[in-house]
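J.: Questions regarding the structure given below will be posed in turn.
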Amino acid sequence: MTAKIISGNEVAAEIRKELTARVAELKNKGIVPGLGVVLVGEDPASVSYVTSKAKGCQEIGMFEETVRLPADVPEEDVLKTIDRMNNDPKISGILVQLPLPKNISVEKVIGFISPEKDVDGFHPVNLGKLLRGEPCPLPCTPHGVKQLLVRSGNDPAGKHVVICGRSNIVGKPLSAILMQKEAGANAVVTVVHTGASDIKHYTLQADILVAAMGVPEFITADMVREGTVVIDVGVNRIPDATKKKGFRLAGDVEYGPVAEKASFITPVPGGVGPMTVTMLLYNTVEAAIRLNEA
Ligand code: GUN
C-alpha cells in the first residue's frame with residue numbers, strides 16, 4: 001500500500017478561506033479580531049513561528065501585535081506585557097511563544113493570561129474545561145490534528161488512536177480532545193511515552209498513529225501496521241550543509257518506508273505545521289466573538 005498524502009497546506013487553506021469570510025462579516029459589525037504575540041529571546045524556530053502567525057493574521061484581515069523581548073528580560077516585564085494585553089480591547093487573543101528562557105516560569109506566565117484571551121488553550125482553567133468536556137479553546141496543534149483527520153475522511157470515532165509523546169502542548173491535550181464523546185472524537189486513546197518498555201508493541205495496535213515525541217524519524221516502518229493512518233507532528237531541524245538555510249526539516253516518522261505501509265500520511269513540512277497557525281487564527285476569531293458577547 002502507498003499512502004495518500006494528507007496535505008496540511010490544502011486543509012489549512014480551506015479553513016483560512018472560511019475564516020477570511022467570518023472576519024469580513026465581523027468587521028461589518030464593528031468587531032476586529034486581534035492577536036497579541038509575545039516572543040522572549042531569539043530562538044530561530046520560535047522567530048519563524050511568530051513570523052508566520054503575524055503573516056497569517058494579516059492575510060485574513062485580523063489585527064496583530066507582536067512584542068519581542070530580550071532573552072534576559074525580567075519575568076515581571078513579561079507579566080506587565082500580558083497585563084497590558086489582557087486589558088487592551090484591540091487584543092482578543094494572547095499567545096506567549098514557548099519555550100521560554102529558564103529564568104521565566106511558564107506556569108506563572110500562562111496562568112497570568114486572562115482565560116478568555118488564552119487562544120493557546122494552555123491556561124489551567126481551559127485545560128480543566130477540556131478534560132471535563134466543557135466548551136473551551138482547543139490547543140492549536142492537537143486541534144489541527146483533529147481537523148486533518150476529520151477533513152481527510154478519517155473520523156477517529158471508534159478507532160484506536162495511539163499517541164507517541166505526552167507533552168503539555170500536544171500529547172496530553174490531544175488525548176483529552178480525542179477521548180471526548182463528541183463529533184470528530186470518541187476514539188479509544190492510548191498514550192505511549194519513554195516509560196514504555198516496548199513502544200512498538202503499542203504502535204502496532206494503532207488504527208491512527210500520532211508521532212509527537214520530538215525525536216527525528218523515530219517511527220520506522222516495522223513499528224507501523226499496514227493501513228494505519230499516520231500523523232507526524234514532529235518538526236526537527238537537522239543540520240545539512242547542502243541546504244541554503246543550513247538545515248533540513250525532518251518529522252518524527254521515517255517518511256518514505258512508512259508511507260509504503262500507511263493508508264494516509266502527513267508530510268513534513270506541509271502537514272501538521274500549517275494547521276497550528278490556522279487553528280490559532282480560528283481560536284482568536286472565536287475569542288473575539290465571545291468577548292463581544294460578554
Ligand atoms: N511552541 C511550540 N508550539 C507552540 C504552541 O502551540 N503555542 C505556543 N505558545 N508555543 C509553542
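Every number in this text was worked out from the coordinates using simple rules, so none of it is lab data. These numbers come from a predicted model, not from an experiment. Using ideal geometry, Cβ is built from the backbone for each residue, glycine included, and neighbour counts are taken over all protein chains shown.
J.: Considering just Cα atoms, how many Å³ per residue does the convex hull of region 214-279 enclose?
T.: Considering the Cα atoms of region 214-279, their hull volume per residue is 93 Å³.
J.: Moving on. Would you mind giving the average projected area, over all directions, of the Cα convex hull of region 60-188 in nm² with one decimal?
T.: 9.1 nm²
J.: Continuing with this model, one more query. For region 1-129, what are the per-bin percents of Cα-Cα distances with bins 10 Å wide, up to the bin holding the maximum?
T.: Binned Cα distances yield the sequence 11, 37, 33, 15, 3, 0.
J.: Using Cα pairs under 8 angstrom and six or more residues apart, how large is the relative contact order of the chain, in percent?
T.: Over the chain, the number comes to 23 percent.
J.: Where the centroid of each part is defined by its Cα atoms, how far is region 126-145 from region 247-286 in Å?
T.: Each part reduced to its Cα centre gives a spacing of 19 Å.
J.: Based solely on its DSSP helices, what 222 nm [θ] is calculated for the chain when runs of n ≥ 4 H residues each add -39,500 (n - 2.57) and the sum is averaged over all residues, nearest 500 deg cm²/dmol?
T.: Rounded to the nearest 500, it is -12500 deg cm²/dmol.
J.: When only DSSP loop residues count, what GluC sites (Glu not before Pro) in region 214-266 have their Cβ near at most 12 other Cβ atoms within 10 Å?
T.: Counting only loop positions with at most 12 other Cβ atoms within 10 Å, the GluC sites (Glu not before Pro) in region 214-266 are 226.
J.: OK, next. Using the beta-carbon distance between residue 10 and residue 294 and R0 = 35 Å, what value does 1/(1 + (r/R0)^6) give for FRET efficiency, to the nearest 0.05?
T.: Efficiency, rounded to the nearest 0.05: 0.50.
J.: Treat each spin label as a single point 7 Å out from the Cα along the C-beta direction, and report the residue 196 to residue 102 distance in nm.
T.: 3.1 nm
J.: Please give the contour-minus-distance gain from residue 245 to residue 1: 0.36 nm per residue of separation, less the Cα-Cα distance, rounded to one decimal in nm.
T.: 84.4 nm
J.: To two decimal places, what compactness ratio does the chain give when its Cα radius of gyration is scaled by 2.2 N^0.38 Å?
T.: 1.00
J.: Given 10 Å bins starting at zero, what is the percent of C-alpha pairs of region 81-142 in each, up to the one with the largest pair distance?
T.: Binned Cα distances yield the sequence 22, 52, 24, 1.
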